[in-house]
Amino acid sequence: HGVPLLVFHTTPAASLQGLAKQGIDFVGAFFMLLLLSPVMLICALAVKFTSPGPVLFRQKRSGLNGRPFTMFKFRSM
């Protein structure tokens, strides 16, 4: 029928590999936060000076396995 199907089988990473991935993820996120902080500051100031209310709003979302988490976003509308 011409419909491509892909099947992925995931296996849990070994403990050392999982720890290494977690460390790389943390370091990468830290440096991206540092790199993007001037842009985020400009966005925060723009929101603050153009509209009343808080700069950020929080929202509950469903995460991995349906577990809820709180997400923060700039108010942009």
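The values are calculated or read from the model by the stated rules, or taken from the named source; none is laboratory data. Please read all numbers here as calculations on a predicted model, not as lab measurements. Here the Cβ is made from the backbone with ideal geometry for all residues, glycine too, and neighbour counts use every protein chain on show.
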**Which numbered condition ALA46 misses (of (1) at pLDDT 95 or above; (2) surrounded by 10 or more Cβ atoms within 10 Å (Cβ to Cβ))** = (1)
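Tally the residues that are within 18 Å of SER76 (Cβ to Cβ), out of contact with any strand residue (DSSP E or B) (no Cβ under 8 Å at 6 or more places or on another chain) and part of a helix (DSSP H, G or I), restricting the search to segment 41-64.
Going residue by residue through segment 41-64, those that are within 18 Å of SER76 (Cβ to Cβ) are 41-59, 61.
If we keep only those that are out of contact with any strand residue (DSSP E or B) (no Cβ under 8 Å at 6 or more places or on another chain) too, we end up with 41-42, 45-46, 48-54.
Next, only the ones that are part of a helix (DSSP H, G or I) stay: 41-42, 45-46, 48-50.
Residues in segment 41-64 being within 18 Å of SER76 (Cβ to Cβ), out of contact with any strand residue (DSSP E or B) (no Cβ under 8 Å at 6 or more places or on another chain) and part of a helix (DSSP H, G or I): 7 in total.
Residues to consider are MET40, MET77; find the one that is of a type in the set (A, V, I, L, M, F, W, C) and at pLDDT 90 or above.
Details: MET77 fails: at pLDDT 90 or above.
Only one candidate qualifies: MET40.
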